[in-house]
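Shown next, in structure tokens, is the structure this report addresses.
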Amino acid sequence: MTSTRTRVLALAGVAALAATLAGAAPFLSPPANAAGKIDASVRADLADDGTATFFLRIDDGADLSAASAQKTDAARAQGTFDALHAHADATQHELRAILDAAGATYETFWIANTIKATGDERLVDALSERPEVTRVRSEQVTALAEPVASAPAAAADGTPQWGLDMIGAPEVWSEFATRGEGVVIANIDSGVQYDHPSLVGSYRGNNGDGTFGHDYNWFDPTNTCATAPCDNNGHGTHTMGTMVGADGYGVAPGATWIAAKGCEARSCSETSLLRAGEWVLAPTDLNGQNPRPDLAPDIVNNSWGGGRGDTWYSEIIESWRAAGIFPAFAAGNFGFGVCGTVDSPGDNAAAYTVGAVDSTGTVAGFSGLGPSSIADGKPDIAAPGVDVVSTVPGNKYQALSGTSMATPHVAGAVALLWSAAPALAGDIEGTSAALGLGATDKEDLRCGGTAARNGVYGEGVLDIRQAVLDAPRGNAGLLKGTATDATTGEPLAKVAVTATGTQTRSTLTDTEGHYQLRLVEGTYTVGGELYGFHDASSTVDLIAGAEPTVDLALASAPVHKVTGKVTDPQGRVVPAASVHVDGTPVDAITAGADGSFAFPKIAEGAYIVTVVPAEPALCLGPLHADLTVDGDETVALTVPYQVDTLGWHCEETRPAWIKGRDTVAIAGDEDATTIALPFPVALYNGTHDQISVTTNGLLNVTAPRLGDYANGPLGDGYKPNGLIAPFWDDLVVDGRASVKTATVGKPGQRSFVVEWRDVRLADQPRSRISFEVVFAETGGFTFQYRGLSGELEHGASATVGIEDIGGGIARQYSFDLPVLRDGVAIRFGK
């Protein structure tokens, strides 16, 4: 069966796409109502069921002028990050206090000074009266710039694709000895197949020894593929291939890439795009923790958008620019010869916006045209976007057409420009000017402008060779050298060489051990890292026009034994966990039944050890722990609970069954009722004195829900929300079954149980299951199970977990997984 949630999501995506096709703005909110700040869409949501999930837009953005004036890459990024955080903390403080006092679920954003919250009409009205709140609106959803697909293409033989030839990329490779080395590109898109043959070599998470480290290199706020990069659409893999793909696909194949999955599939929610925007400025580990602005990319490609005249993403773009991150945006695919059709955010002043041309240099019929209603000079430039062959999932290649395909040509070109003319790195205005000066003028004045800049081609068709020729390259020097084995003198391939100084740039040595980096003049520390060797470093003063040689001799490192045990936060053994020492070619091993593991040989060095629990330890999350090996090591690895953004987690424990006594008046296949609770029950930020009970193994703190026979994943934002789901499936309470409650214990230490007894599974009439939720007056609640046999009874078609009333935050134990067990209870709490 198709779940209710899945149907809602699909229809929302179709509606947004249809609105775009009609020339409407799918995510432009309706005009504000009479209250002045509250959009009509929020009022409509409140009228629907008494609650709404909404965004609070708060005053103006932070002052980033001091941060953007910093001289080094790292200082600009850190300064921007610090300024944004400080401003958000100062201006959101009182709003957070109001939300906390109301017990509301909310999420804060620092990059756009926005709060996403869920509450009732009284809360919405109270918040709108605050002077710092400028607008209360519903979530905006935009679409990927949907390309037009052509037939699948055969793998290339290394010959550059036509678009690369048109913009002069191969000439830059040969004439300036650069392919984008030292530059990091990101995309916010549908994801990337990281191990695609044409992309795996340039992924920053590739350790060069057959292993991968995805922390700080991949982020998935949609939770589609949170532990490693993936692409459930193909769009993001295609755009990344045009930027950095090997084998003649990528404009800058020497650059490295990272990615954020800001789009669920064909559409991109505001929540995911905001989270992705923050990650681009300050990448985090896979858990979204420990931000590192120093690991921010240099360039970010955005081949998504929709509607016109909306500035909701402008603060994010301006923040990237302040940090020295170049923001490339697609102009959109709904021009069709009509002026004023550049999509948002591409029509924002801070975006660098790209239209599409075909192989003759003629603007594509679909390409969005200027002028913009909110910014001058859109689009900024045009680039190849018709029948562009690039990478797609499944290790395949395909020709696609769209401004989505044109934009990564520009992002890759900026990587070449910054690699060849490092003085421009981080200088967004200077880079934009260089691209415009190098572009081939195309006179088309139907949408206004001049031959040098008009609403059809912008400043013309991209010519990166000319841009590099005209760029200021005089204050740069070329740092080069060879990495060798200090003992044998043999060259070492895939040594990670990093130069740190006025700029920070990294590259890998080739098969002959050679490397080179073009940098602005200054003093640099040059370091080399390779598994099995001690790090080597040297200092050099780089003078403009010079080509100093810094060779690195790496001494081989001794190896040692690493042993240990994996436990949970309660000190209990975690059997069968996967343990891997990241940054080594040593295969992961599986811990034993007693949680123990042993690596016979790990070279001396500093590493991250990653532990991934085996199912069904679904309350536990992965562990990333520091490991320093300088002798035989014995380590204790405590795997943490998976904790959601509001601090809720689950843990497996021993059951203590409580028998229900009082019958709840529900029966049949689809039925629900609301019952009073003997004591307040907390779920996320709210407490509740009543709860709805359904025949389908579901409790709901907002309202009874009928027709939810098909379960869905938790935390996806789609109704029903506010759930406690011990076993959400299509169940039947027939004459043999019942739902009962009971209250036991002394006041202050009471327990309240809701028990589903011998209920029948609709899809397997001979199967019955008993389960219950036990609420503790002291806080938290526990799911317990009896009589499980067979996959369906173990949860193969059930959802187990909890969700906040906004639907965007959840602690899901399982979804359609047969992992429930007799003798194991699941406790939820903070």
HN-Hα J in Hz across the range 330-347 - Karplus 6.51, -1.76, 1.60, θ = phi - 60°, x for Gly and Pro: 6, 7, x, 10, 10, x, 6, x, 9, 6, x, 10, 6, 6, 7, x, x, 8
At a Förster radius of 41 Å, what calculated FRET efficiency corresponds to the Cβ-Cβ distance of V819 and K740, to the nearest 0.05? 0.95
If the label point is 7 Å along Cα→Cβ of S789, which residues in the range 736-750 have backbone nitrogen under 20 Å from it? 736-738
Grab the other residues whose beta carbon is less than 12 angstrom from that of A493, score K and R as +1, D and E as -1, and report the net. -4
Once phi is turned into ³J(HN,Hα) by the Karplus curve 6.51 cos²θ - 1.76 cosθ + 1.60 with θ = phi - 60°, what whole-Hz value does each residue of the range 742-756 show in order, with x for glycine and proline? 6, 10, 9, x, 7, x, x, 10, 6, 10, 10, 10, 10, 10, 9
Listed by chain and number, the residues whose amide H is under 5 Å from that of T222, excluding neighbours fewer than 5 places away on the same chain and using placed H, are none
5 angstrom amide H check on E264, placed H, neighbours 5+ away: S269
Among beta bridges that DSSP assigns inside the range 31-139, antiparallel share in %, nearest 5: 95
Cα centroid distance between the range 663-739 and the range 329-348, in Å? 45
Least to most buried among Y249, Y397, Y709, by other C-beta atoms within 10 Å and fewest first, runs Y709, Y397, Y249
For a footprinting-style exposure proxy, rank T353, T525 by other Cβ within 10 Å, fewest first. T525, T353
Spherically averaged projected area in nm², based on the convex hull that wraps the Cα atoms of the range 704-765: 6.0
Karplus-derived 3J(HN,Hα), 6.51/-1.76/1.60, for each residue of the range 110-123, Hz, glycine and proline x: 9, 6, 10, 6, 9, 10, 9, 9, 10, x, 8, 5, 4, 5
Under a plain spin-label model, where a point goes 7 Å from the Cα along Cα-to-Cβ, how far apart in nm are Y641 and H560? 3.4
So, over other residues within a Cβ distance under 12 Å of D39, counting Lys, Arg +1 and Asp, Glu -1, the net charge is +3
Let me spell out the model: positive unit charges on the Cβ of Lys and Arg, negative unit charges on the Cβ of Asp and Glu, origin at the Cα centre of the chain. What dipole size does that give, in debye rounded to 20? 1660
Whole-number Å³ per residue for the convex hull built on Cα positions in the chain: 161
Grab the Cα-Cα distance for A606 and E175, subtract it from 0.36 nm times how many residues apart they are, and report the gain in nm with one decimal. 151.2 nm
I'm a student and want to see the number: the projected area of the Cα convex hull of the range 400-513, averaged over all directions, in nm². 9.8
Sorted largest first, extent of the range 31-139 alpha carbons per principal axis (Å): 53, 29, 21
Nearest 0.05, what FRET efficiency do D510 and I98 give at R0 = 56 Å with Cβ-Cβ as r? 0.45
Amide hydrogen neighbours beyond the local backbone of N207, cut-off 5 Å, H modeled: F212, G213
For the chain, calculated [θ]222 nm from helices alone, where every DSSP H run of n ≥ 4 adds -39500 (n - 2.57): -5500 deg cm²/dmol
Extension reserve of the D535-T227 stretch, reckoned as 0.36 nm per residue once the Cα distance is removed: 108.0 nm
Can you compute log10 of I(q)/I(0) for the range 559-638 with the Debye formula, treating each Cα as one identical point scatterer, at q = 0.14, 0.16, 0.17 Å⁻¹? -0.40, -0.52, -0.59
Taking Lys and Arg as +1 and Asp and Glu as -1, residues besides N206 with C-beta under 12 Å from its C-beta add up to -1
Cα-based equivalent ellipsoid, the range 120-195: semi-axes from gyration tensor eigenvalues, Å: 48, 19, 12
What share of all Cα pairs of the range 620-709, in percent, falls into each consecutive 5 Å distance bin? 2, 10, 13, 14, 15, 14, 9, 6, 5, 4, 4, 3, 1, 0
Sort C263, C230, C619 so the one with the fewest other Cβ atoms within 10 Å of its own Cβ comes first. C230, C619, C263
Kirkwood Rh for the range 498-620 from C-alpha pairs, in Å, is 17.5
Can you check how the C-alpha radius of gyration of the range 649-829 compares to 2.2 N^0.38 Å, as a plain ratio? 0.92
Solvent-free Debye scattering, log10 I(q)/I(0), computed from the Cα coordinates of the range 179-242 at q = 0.12, 0.14 Å⁻¹: -0.27, -0.37
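None of the figures in this text is laboratory data; all of them are computed from the coordinates on show. Just so you know, these numbers come straight off a predicted model, no measurement behind them. Neighbour counts are summed over all protein chains in view; Cβ atoms, including those assigned to glycine, are modelled from backbone coordinates with ideal geometry.
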